[in-house]
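The values are calculated or read from the model by the stated rules, or taken from the named source; none is laboratory data. This structure is a prediction, so every number in the text was calculated from the model and none was measured. In this analysis, Cβ positions are derived from the backbone assuming ideal geometry, glycine residues included, and neighbour counts consider all displayed protein chains. The area values use the complete protein model at the heavy-atom level, side chains included, leaving out ligands, DNA and RNA. Shrake-Rupley method; radii C 1.70, N 1.55, O 1.52, S 1.80 Å.
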Amino acid sequence: MRAEISFGKSLIGILLVGLAAASCTTTSKPAATAANTKTKQGQAAKVTFNYTAKDRECLQRAMYFESQHSDEDGYMAVGTVVMNRLTSGAYPPSICGVVAQKRQFAPGVMTREVKPQAETELASAADAILIKGARHPAVKDAMFFHTNGLKFPYDNMHYVTVAGGNAFYEKRDSNGMLQTPPPLPSYEVAMNYVPGESMLPPQFEALIPSEVPVPLPAPDPMATASTGQMRITAPVTTPETLPVRSVEPEPGMPIAIPTPRPAYDSVMLRESLPANGG
């Protein structure tokens, strides 16, 4: 009997020791991480620019006449310059305003006849820019170009590509910094089509083609987006900021309110650019 009692006590002791050891080696589980509760950061809102059918025509006219009636590559290059100016904050806030700005693009760009055989390719290039957000990749941040083969003495003309018979360049200082406010990348731009009235400022409405021929003005000697065959004597330093006409959409037609680009420091504006470039 004593032996059985002793054996029972020994067995109980072994069990208690095992339980104690198990409790010493057991660790509490870490709290559940919040990895699954994280939410994706929302994408930044795009800067919205409204455009009309007439703005689309202005873009096509710039692409056609400034690229010397070339091809889609030339059209896209000039179209990219127009969009770079539109989104830079240093030029008029509409496509027609940019294209029709005085002393910038070639004389007659708003009045001359576009050949019907070019309309299909022009429409394709314009839709790629306005609807798909396409840009000519080699043009980069360029807002200026001239006929390829011309030479100028300015040291701030940083050439990036040649397309459609034009040489495209950025204006950069001796440190390689852009001398103009940089344009927005295409993925930060939303183009919103607004049917109806043109956004072209009133002073340029007479430039829209009509049945009555409009005499072409003489070339201006000042440097422009497209110098073409014109002689450059000084850089453009004071682009005019043109007002935008109010748009009255059709009843029930939703439109996006243009989101203005943040204001730039006055040092970055073209009024303060040094007069040492093309």
* Structure fact -> hull vol. (C-alpha, convex hull) per residue for the range 47-193, Å³ -> 104 Å³
* Which order do the peptides 125-138, 97-110 take when ranked by the mean count of other beta-carbon atoms within 10 Å per residue, highest first? => 97-110, 125-138
* To do: May I ask you to derive the FRET efficiency for GLU119 and TYR193 from their Cβ-Cβ distance with R0 = 30 Å, giving the value to the nearest 0.05?
  => 0.95
* To do: With a 1.4 Å probe and every protein chain left in place, work out the accessible area per residue of the range 47-193 in Å², rounded to a whole number.
  => 39 Å²
* To do: State which entries of LYS102/LYS132; LYS46/LYS132; LYS151/LYS171; LYS140/LYS171 exceed 20 angstrom in Cα-Cα distance in the structure shown.
  => LYS102/LYS132
* DSSP loop GluC sites (Glu not before Pro) in the range 67-171 with at most 10 other Cβ atoms within 10 Å of their Cβ, which ones? -> GLU113
